[in-house]
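Trainee: Sending over a structure as structure tokens; questions will come in a sec.
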Amino acid sequence: MKQVRIIFTSDIHGYFYPTDYLDRERKPKGLLHIAQIFHKDGNTLILDGGDTLQGSPFSYYSQMKGRPDIAAELMNQAGYDAVTIGNHDFNYGYKYLQSFLKHLNAVCVCQNCVDKKTGTSVYPWHIFRLENGIRVGVAGAVTDFVNVWEKEENLSEVQITDTFESIAKAYDEIKDKSDITICLYHGGMECDIGTGKILETSGENIGFKICRELGFDLVLTGHQHMPINGRLICGTYVVQNACNADTYHEIEVSLSDGMEIRSKMIAASEIPMQTNSLPFQNIEDEVQDWLDSVVGILPESLYPKEHLQMALEGSKLADFINQVQLEYTKAEISCTSLANKVPGLPQKVKVRDILLTYPFPNTLVVLEITGKILKAALERTAEYFSVKDGKIGISESFFKPKIEHYNFDFYRGVTYEVAYDKPKGQRISKIRINGIPIEENKKYHICMNNYRASGAGGYDMYKECRVVKQYGKDMFEILLEHISKMKNKQ
């Protein structure tokens, strides 16, 4: 019997160090913490499913300093063999991503990242031959919704082609050359993993389709941040990790007359804390000092409440962000959303508070919309609610297949009423801008982030709207500048 051991991480989002950046304390978290027990040998492959470069204060600071090599070196020290690309890895531009991959010892496999000039995959499949002679074919792919979300300039050199077609072609090419085939997929499950019930049809996640229609031995998924313990789906073994290096999977594949696969998901919190010094600790210390610098003083603290309560009653935090967006763009209306986890802003605001409260790498866009489109957008937002036994709750569609509180939008500059018990699409009425009822064909200017302006999150009505203006400055920087002007205001 021959055995292969696979270590799988995904969606690290720049959380390399043992901290959550809420404070300076070391905690059992992050890649460097979990990597101390990887224990690699000649029959072990260490793989990552993408979304490495964006998401933490450390990654933002590295980007500001133009240092993608730091993330690469940290992953080199962990011993990675192969990685794929996540949608957020394009956020700082393709040149930044290329530099990261250039410094990385691991091979990159992302079949559907295609060079626009040659029409060929920039990061094709790879076959590893281990010490015991086992051949492991690894093909990767990223959700093709990158084309929906990403700024055009960040995809100027490459095209993200159809995920399924690309990975199916790769499978056909490696299946006869490999003893074990692995799909390293930065995407998740479109179906309930227990029942197989279809939960989404957008094409953003096609994990079930890959399992059902192709013959990979393992499909290592990501993107949804939804921990999945190892299980068979249509004969293919599937796992998924939580985000921010909070978990990793250790998978054992045994080959004799057949193939047997076992795995365990290991939580970072279960691993004892290390006391030794960490690589690039001086950079991490710089980050922590920067995060602790005071930006400005607000009239009052802006802390979030429970997501449902904010959706029903409004949020001072979201209202503040909308106010900043309106002042910056001079639009008539603004909409924003809050992350799934939001610490909020204390009265004395530090850099740390802003980055953790607004973690998205967004810029602002002003769209020209009609009253009809505004109502359609408000109806989409109102789909957040469900009514059961007379009690208002949150719709299951915002929880499955992944948690999506960030797709509920808060508005400023417009008022409306919601009838929670009416069917979806018929809940919104009495829409007014500056106290005046809207007109279906009248044009209005609305400000939002570039993610929402792309139509993401079910807001397809924005896709064909005329772009009045786009702003290049990151929303974090806009908030930083705005709050810094409030330094002496109390």
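Trainee: Looking for something in contact with a Ser or Thr (Cβ under 9 Å, 6 or more places away or on another chain) and either surrounded by fewer than 20 Cβ atoms within 10 Å (Cβ to Cβ) or at pLDDT below 95 (or both) - is there at least one such residue anywhere in the stretch 98-105?
Mentor: No, the stretch 98-105 contains no residue that is in contact with a Ser or Thr (Cβ under 9 Å, 6 or more places away or on another chain) and either surrounded by fewer than 20 Cβ atoms within 10 Å (Cβ to Cβ) or at pLDDT below 95 (or both).
Trainee: Being touching a residue at least 12 places away in the same chain (Cβ under 8 Å), more than 20 Å from the chain's Cα centre (by Cα), buried (at least 23 other Cβ atoms within 10 Å of the Cβ) and in a helix (DSSP H, G or I) is the requirement here; does residue 33 meet it?
Mentor: So residue 33 fits the description; yes.
Trainee: So which residues in the stretch 372-411 are part of a helix (DSSP H, G or I) and either in contact with a Cys (Cβ under 6 Å, 6 or more places away or on another chain) or closer than 29 Å to residue 222 by Cα (or both), if there are any at all?
Mentor: 377, 380, 381, 382, 396, 397, 398, 405, 406, 407
Trainee: Sticking with this one: What residue, of 122, 142, is touching a strand residue (DSSP E or B) at 6+ places or on another chain (Cβ under 6 Å), surrounded by fewer than 21 Cβ atoms within 10 Å (Cβ to Cβ) and of a type in the set (A, V, I, L, M)?
Mentor: The match here is 122.
Trainee: Examine the stretch 284-307 for a residue that is surrounded by fewer than 16 Cβ atoms within 10 Å (Cβ to Cβ), assigned by TED's automatic domain parsing to the domain that holds residue 395, in contact with a Gly (Cβ under 9 Å, 6 or more places away or on another chain) and among the aliphatic types (A, V, I, L, M), and state whether such a residue exists.
Mentor: No: the stretch 284-307 contains no residue that is surrounded by fewer than 16 Cβ atoms within 10 Å (Cβ to Cβ), assigned by TED's automatic domain parsing to the domain that holds residue 395, in contact with a Gly (Cβ under 9 Å, 6 or more places away or on another chain) and among the aliphatic types (A, V, I, L, M).
Trainee: Of all residues in the stretch 232-242, which are assigned to a strand (DSSP E or B) and surrounded by 24 or more Cβ atoms within 10 Å (Cβ to Cβ)? Spell out the reasoning first.
Mentor: The first filter runs over the stretch 232-242 and keeps only residues assigned to a strand (DSSP E or B), leaving 232-233, 236-240.
Answer for the stretch 232-242, where residues must be assigned to a strand (DSSP E or B) and surrounded by 24 or more Cβ atoms within 10 Å (Cβ to Cβ): 238, 239, 240.
Trainee: Okay, moving on. Within the stretch 110-131, track down each residue that is touching a residue at least 24 places away in the same chain (Cβ under 8 Å) and either part of a strand (DSSP E or B) or among the hydroxyl-bearing types (Ser, Thr, Tyr) (or both).
Mentor: 110, 111, 112, 113, 114, 115, 121, 122, 123, 126, 127, 128
Trainee: Sticking with this structure for a sec: Are there any strands (runs of 3 or more DSSP E) wholly within the stretch 132-231 with 1 or more residues that are within 29 Å of residue 365 (Cβ to Cβ), and if so which? Show your work before the answer.
Mentor: On the way: elements: 135-142, 158-160, 180-186, 218-221.
Ranges flagged: 135-142, 158-160, 180-186.
Trainee: May I pose another question? Quick one: is residue 56 over 15 Å from residue 105 (Cα atoms), touching a helix residue (DSSP H, G or I) at 6+ places or on another chain (Cβ under 6 Å), among the polar types (S, T, N, Q) and assigned by TED's automatic domain parsing to the domain that holds residue 218?
Mentor: No; evaluated as a whole, the condition is false for this residue.
Trainee: Could you grab me the full set of residues in the stretch 226-254 that are in contact with a helix residue (DSSP H, G or I) (Cβ under 7 Å, 6 or more places away or on another chain), β-branched (Val, Ile, Thr) and closer than 14 Å to residue 207 by Cα?
Mentor: Across the stretch 226-254, the qualifying residues are 233, 236, 238.
Trainee: Could you tell me which of the residues 472, 435, 455 is in contact (Cβ under 8 Å) with a residue 60 or more places away in the chain and at positive phi?
Mentor: On the way: 472 fails: at positive phi; 435 fails: in contact (Cβ under 8 Å) with a residue 60 or more places away in the chain.
455 is the lone residue from the list that is in contact (Cβ under 8 Å) with a residue 60 or more places away in the chain and at positive phi.
Trainee: Mind listing whichever residues of the stretch 399-457 are among the aromatic types (Phe, Trp, Tyr) and within 22 Å of residue 323 (Cα to Cα)?
Mentor: Initial filter on the stretch 399-457 (among the aromatic types (Phe, Trp, Tyr)): 399, 406, 408, 410-411, 416, 420, 444, 451.
Result: 406, 408, 410, 411, 416, 444, 451.
The values are calculated or read from the model by the stated rules, or taken from the named source; none is laboratory data. The shown structure was predicted, so the numbers you read here are calculated from the model rather than taken from an experiment. Note that we place each Cβ from the backbone using ideal geometry, even for glycine, and neighbour counts take in every protein chain shown.
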